[in-house]
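In what follows, a single structure is set out as structure tokens and then discussed.
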Amino acid sequence: MSPVESFRTPSKEELRELREQPTDPQAEQEIIDSIEEVYFSSDSFDMVQYELEKLPLDLNLLELEEYRDKLKRQQAAVSTTFREELERVTSLQTNLQLAAVICTNARRQLRSAKEGFTEASLGLLANQRRRQLLTGLLKSLRTIKTLQRTDVRLSEMLEEEDYPGAIQLCLECQKAASTFKHYNCISELNSKLQDTLEQIEEQLDVALSKTCKHFDVSHYTKVQLAYKLLGKTQTAMDQLHMHFTQAIHNTVFQVVLGYVELCAGNADTKFQKMQYKDLCTHITTDSYIPCLTDLCKALWEVMLSYHLTMQWHDEHYKEDEATPGAGNVSRETLRSQKRSDYNLNRANAPILTNTTLNVIRLVGKYMQMMNILKPIAFDVIHCVSQLFDYYLYAVYTFFGRNDMVCISKHFCSPPCSVLILNIMQYLLWENAGPHASPEERKEKVPSPHLSQLVVLTASDTLYGLAERVVATESLVFLAEQFEFLQPHLDTMMPSAKKPFLQQFYSQTVSTASELRKPIYWIVAAKAIDYEQMLLLMAGVKWDIKEIMSQHNVYVDVLLKEFEKFNQRLGDVSKIVRIPLPVSNVLWEHCIRLANRTLVEGYANVKKCSNEGRALMQLDFQQFLMKLEKLTDLRPIPDKEFVETYIKAYYLTENDMEQFIKNHREYSMKQLTNLVNVCLGSHINKKARQKLLTAIDDIDRPKR
């Protein structure tokens, strides 16, 4: 067979066999990928022409057959792929036709449902919704109509002085108006309600001012409740204070003005414009008493209203305290009032020891015993008095005795000293004596002993001031309780024994508070370095020739000591409350000792000129000025003691002699120095000898 013959077109059967042969998908895809892209360029592509043009000039039969087989494989692969895609397209077309039929049926059925049911139902729902909207609108319109008419009701309530109700109604209307603020008519109503609320506040202020002269509980309660609703209770209190001040001024002015016009005999308007102080100068002597009487009556009405107002607030404050959650009104005011009450209670709270409480308990039991066993009432009271005596002696022994007994006696009153000696003699074992009978020893007790844990020598604690305060003030409190019990004890005491009870109260109970002086004097004597001040004063030159404008250094040192004392006193008060009497006694002792030290320092001066005495006065005035800023104690103790001694330098001979006789409070040394320093300036030697003789005559009875 020639090559030409073998190159022929495959028959249909051969092509069918090729299509029916099983194919590998991957190999088939590779065949398709091998087809040139030009075959897919356009529909008008002439593939026969393309392939013929590709043939070489020299044809090779074997190459042509291989190329033909390649094209046959590509054709078979494309035919297979085309067939599969055509089948998918045909299937998709069938599905789309079915879907079109289903949609057509669904539309027909929906049209039927709409015509039969939906339009009627939706119409009903729309009508119901419209009805609800109209009902809500009608309700809103009725509320707005009510709001528009509230001004009439508010006016009625204000005329009836129902301020809380009017404010409540106005606030509710404002709240309702905020709900309907989307209506144009409400904006005008809001401003109207705000004006009404301001008008109510103005009327409230007028109503509050009326209570300053004519207090009415019901009226004032309404006013306060109204301010509570407004949330302005603190404003109400401030306004009330202002109204009371104004009421007092207007009342007194009108009373005095009436009498002034009556006395003047005409209604001259110039009196209306006068100040109250100037107006009072026109009151005549005859009208003074009637005017003062009417003035007191008018002011009494104001003060009565003020008293009733305070009473109202006290009662309601207690109710607020008792009712949980009722103290919402002016919380800050109530809190500050509570703090004030707490501080007041703390300031008035007694300082007690366990011993004091035990003694009070024992006295209570003894009084019950006396009520039941009246025949032994005197014996019981006698034992109670011994218990009190022993307690008093123990406090004095622990805190009132020191190593400076001679100075301490100056601050311990004679009755107090006698009482201590009597207690020692009749109550303590140590004073029973060797020949005392067993019965006498049985009635005596050992001396008390202070615990070693109590330290009274530390300067940073002001020498045990806290312990001294607790012990002393407990004793004073116990004495006060005995004072309250005196009428009850007096009724239980037999008539023949009542002088004993009177003596116990007059000599013992009343003396308890006097122990403060010797006990706190020990602290005052050690708290400030008085010896240092004497040394500094000794170094000052007093015989100067010019008047100085600057005080001496010892004054500043002394003031520093007082500042340190004041600071330590504050530190102790953080541990134990320092009652005002105790503070006053401490400051009195310290200042008195300082002033006496000043006089002692001035008495040590050997030479002094007039300018030196002026410097002494400058120093003392500087000391007083700074000291008064540290303490509220007035007058300053022994202020005259120092000033009189400094000024005595200027006295003449006769006046000096009279001064020596009248001022026994100065020591012999101080008086003698005063005379010696004056020698040569305005007192000669003869006069000096006369004055020294007068001093010796004064001292002779003492020796």
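The values are calculated or read from the model by the stated rules, or taken from the named source; none is laboratory data. Since the model is a prediction, treat every value here as computed from it, not as a measurement. A quick note on method: Cβ atoms are made from the backbone with ideal geometry, for glycine too, and the neighbour counts reach across all protein chains shown.
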Check segment 284-302 and report whether any residue there is surrounded by 15 or more Cβ atoms within 10 Å (Cβ to Cβ), aliphatic (A, V, I, L, M) and free of Cβ contacts under 8 Å to residues at least 40 places away in the same chain.
no
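Here's the yes/no breakdown for (1) under 29 Å from N566 (Cα atoms); (2) part of a loop (DSSP other than H, G, I, E, B):
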site	(1), (2)
E467	yes, no
L485	no, no
A496	no, no
V523	yes, no
K526	yes, no
E531	yes, no
D543	no, yes
So A126 passes all but one of these: (1) at pLDDT below 75; (2) surrounded by 10 or more Cβ atoms within 10 Å (Cβ to Cβ). Which condition number does it fail?
(1)
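Checking the conditions here, which among L586, L535 is out of contact with any Asp or Glu (no Cβ under 7 Å at 6 or more places or on another chain) and buried (at least 18 other Cβ atoms within 10 Å of the Cβ)?
Details: L535 fails: buried (at least 18 other Cβ atoms within 10 Å of the Cβ).
Being out of contact with any Asp or Glu (no Cβ under 7 Å at 6 or more places or on another chain) and buried (at least 18 other Cβ atoms within 10 Å of the Cβ) holds for just one of L586, L535, which is L586.
Of all the residues that make up segment 586-642, how many are among the hydroxyl-bearing types (S, T, Y) and outside any loop (DSSP other than H, G, I, E, B)?
Restricting attention to segment 586-642, the residues satisfying the condition of being among the hydroxyl-bearing types (S, T, Y) are 597, 602, 609, 631.
So of that shortlist, the ones also outside any loop (DSSP other than H, G, I, E, B) come out as 597, 602.
Result for segment 586-642: 2.
For segment 645-670, which positions are in a helix (DSSP H, G or I) and charged (D, E, K, R)? Show your work before the answer.
Initial filter on segment 645-670 (in a helix (DSSP H, G or I)): 645-650, 653-662, 668-670.
Listed by number, the residues that qualify are K647, E653, D655, E657, K661, K669.
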Taking F215, is it of a type in the set (A, V, I, L, M, F, W, C), at pLDDT 85 or above and outside any helix (DSSP H, G or I)?
yes
Regarding L478, is this residue among the aliphatic types (A, V, I, L, M), in a helix (DSSP H, G or I) and more than 30 Å from G570 (Cβ to Cβ)?
no
Kindly list the number of the only condition in (1) under 16 Å from A512 (Cβ atoms); (2) surrounded by 22 or more Cβ atoms within 10 Å (Cβ to Cβ) that fails for Q486.
(2)
Would you check which residues across segment 671-687 are among the polar types (S, T, N, Q) and not in a helix (DSSP H, G or I) and list them?
S681, N684
With the checklist (1) touching a residue at least 12 places away in the same chain (Cβ under 8 Å); (2) farther than 21 Å from S417 by Cα; (3) of a type in the set (A, V, I, L, M) in hand, flag the one item L475 doesn't pass.
(2)
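Please enumerate the residues belonging to segment 545-578 that are within 30 Å of V470 (Cα to Cα), assigned to a loop (DSSP other than H, G, I, E, B) and of a type in the set (A, V, I, L, M, F, W, C). I'd like the intermediate steps shown before the answer.
Filtering segment 545-578 for residues within 30 Å of V470 (Cα to Cα) gives 558-578.
Now narrow it down to the ones that are assigned to a loop (DSSP other than H, G, I, E, B): 574-578.
Residues satisfying the conditions are I575, V576, I578.
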Of the conditions (1) touching a residue at least 12 places away in the same chain (Cβ under 8 Å); (2) touching a helix residue (DSSP H, G or I) at 6+ places or on another chain (Cβ under 7 Å), F659 satisfies every one except a single condition; which number is it?
(1)
Give segment 449-480 a look and list any residue that's more than 22 Å from T511 (Cα to Cα) and of a type in the set (F, W, Y), or say none.
Y463
Check on Y554, within 43 Å of the chain's Cα centre (by Cα), surrounded by 19 or more Cβ atoms within 10 Å (Cβ to Cβ) and over 30 Å from V455 (Cβ atoms)
yes
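If you go through segment 591-609, how many residues are surrounded by 15 or more Cβ atoms within 10 Å (Cβ to Cβ) and within 16 Å of V677 (Cβ to Cβ)?
9
Of all residues in segment 360-373 being touching a residue at least 12 places away in the same chain (Cβ under 8 Å) and surrounded by 13 or more Cβ atoms within 10 Å (Cβ to Cβ), which is farthest from D389 (Cα to Cα)?
Here is the first cut: in segment 360-373, the ones touching a residue at least 12 places away in the same chain (Cβ under 8 Å) are 360, 362-363, 366-367, 370-371.
Still in the list and also surrounded by 13 or more Cβ atoms within 10 Å (Cβ to Cβ): 360, 362-363, 366-367, 370.
Working: I360: 14, L362: 15, V363: 14, Y366: 16, M367: 18, M370: 20 Å.
It comes out as M370.
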Please give the number of the condition Y520 fails out of (1) closer than 19 Å to L627 by Cα; (2) surrounded by 20 or more Cβ atoms within 10 Å (Cβ to Cβ).
(1)
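Within segment 389-397, is even one residue more than 49 Å from the chain's Cα centre (by Cα), farther than 16 Å from F482 by Cβ, part of a helix (DSSP H, G or I) and among the polar types (S, T, N, Q)? Before you say what the answer is, go through the steps one by one.
To start, the set of residues in segment 389-397 that are more than 49 Å from the chain's Cα centre (by Cα) comprises none.
Checked against the condition, which is being more than 49 Å from the chain's Cα centre (by Cα), farther than 16 Å from F482 by Cβ, part of a helix (DSSP H, G or I) and among the polar types (S, T, N, Q), segment 389-397 yields no hits at all.
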